Amino acid sequence: MSRIVTVGAAQLGPINRSDSREAVVTRMLALLAQAAESACDLVVYPELALTTFFPRWFLNDINEADHFYETAMPNEATQPLFDEARRLGIGFCLGYALRETDAAGQVRRWNVQTLVERDGTQVATFKKVHIPGHESNEPDRPFQHLERYYFEPSPDGFGVWNAFGGRIGMMICNDRRWPESYREMGLQGVEMILCGYNTPLHYAPDPSQDRLQGFHNTLVMSSGAYQNGTFVVGVAKGGTEEGVPSLAESTIFAPSGEVLARAKTTGDELVVAQCDLDWCRSYTGTLFDFDRYRRPEVYSRLTAQRGVVIDEASP
Ligand code: CDT
């Protein structure tokens, strides 16, 4: 039986602070209609796809940012997307900010992606693991990257789910830079990883990296795909949003590490590729046969320590 998943990377251009969720969902529906014309099974939207990338601003009272978070999914604004996707028989992956109150009455804030199957059932909601940027206001920067103020890191780590006839995993933006993300999913048999991102071109702590944003984006996802024998779908919110230029270059990678399709613009654009999930076995059954070739018994540092530890006793 064929295991071809036709996937659409639904890149979005900028979303301004004043844009309503309804206006954004209208743009998403236009991309969904294109996806239907291309016979897509699955459409992947970017990180924090329903709002502007609000961690660029500091708010002294975090509760004043509540309107950037969803408290339920679906909700009134996103219900048309859920309804139309189910009518078309297309699944989707949606990134957004989630605010919830836990059993102890504590408010929790997460950067999440929800995966929805073609029949409308919710497969999973993944919480971002690696939260980049800083915790407090740094007014000397041209703009903030306060994700560590606005979001908690996931306590759950990386999952892989049976969906779309294969093994589907998720990660969000900065997660794509860490080899552990891919390997955690690789060890669960992942065949396609879905990743939304917002990547400002300017990196204040080291501006020498600014010109390399596109290179690094391709480098990490291509390597992660190849080293774990999986497709990777990277989807940007690109273009200049509220004065901040961000990387576009949404790309679909094969298990070979090759680029199958890439965005040509920095705005709303659907990038499509037909992904034969059986291609993964060409890698996971040979060079990256983990069970045959990995050496976990000599990798103990990978989970035992976080930062670099230098053994002063070694010569
Ligand atoms: N959204 C997100 O995770 N962006 C980061 C920017 C890193 S610089 C603070 C990224 O890895 O692209």
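The values are calculated or read from the model by the stated rules, or taken from the named source; none is laboratory data. Bear in mind that the values here come from a model prediction, so they are computed numbers and not experimental data. Counting neighbours? That spans all protein chains shown, and the Cβs are built from the backbone with ideal geometry, glycine included. Just the protein is used for accessible areas: all its heavy atoms, side chains included, with ligands, DNA and RNA removed. Shrake-Rupley method; radii C 1.70, N 1.55, O 1.52, S 1.80 Å.
Observations on the model:
- Note on the chain: antiparallel DSSP beta bridges, both residues inside, total approximately 65 percent of the bridges counted.
- Equivalent ellipsoid semi-axes - Cα gyration tensor, segment 201-260, angstrom: 24, 13, 7
- In nm, spacing of pseudo-spin labels at Leu287 and Ile4 (7 Å Cα→C-beta vector): 2.6 nm
- In summary, the lysines within cross-link reach of Lys237, defined as a Cα separation below 16 angstrom excluding same-chain residues under 8 places away, comprise Lys264.
- With bins 20 Å wide beginning at 0, the percent of Cα pairs of segment 4-304 falling in each bin runs 35, 58, 6.
- Spatially, segment 27-61 and segment 245-290 are offset by 19 Å when compared through their Cα centroids.
- Theoretical FRET efficiency, 1/(1+(r/R0)^6), r = Cβ-Cβ of Gln274 and Leu29, R0 22 Å, to 0.05: 0.45
- Mean separation of Cα contacts under 8 Å (6+ apart) over length of the chain, as relative contact order %: 20 percent
- For segment 111-120, putting each phi into the Karplus relation 6.51 cos²θ - 1.76 cosθ + 1.60 with θ = phi - 60° gives couplings of 9, 10, 10, 10, 9, 10, 6, 4, 8, x Hz, in residue order, rounded to whole numbers and with x for Gly and Pro.
- Annotation note: chymotrypsin sites (Phe, Trp or Tyr not before Pro) in segment 219-315 located in DSSP loop regions with a Cβ neighbour count of at most 16 within 10 Å are Tyr299.
- Sparse-neighbourhood loop sites, GluC sites (Glu not before Pro) in segment 74-119 - DSSP loop, at most 10 other Cβ within 10 angstrom: Glu76
- Projected label distance in nm at Glu312 and Asn63, using a 7 Å step from Cα toward the beta-carbon: 4.8 nm
- Close amide H contacts of Leu260 (hydrogens built in the peptide plane, cut-off under 5 Å, sequence separation of 5 or more or a different chain): Ile252, Phe253, Ala254.
- Averaged over its residues, the chain has an accessible area of 46 Å² per residue, based on protein heavy atoms and a 1.4 Å probe.
- Within the chain, longest stretch clear of exposed trypsin sites (Lys or Arg not before Pro) (DSSP loop, no more than 15 other Cβ within 10 Å): 18-263
- The convex hull drawn around the Cα atoms of segment 56-215, when projected onto a plane and averaged over every direction, covers 11.2 nm².
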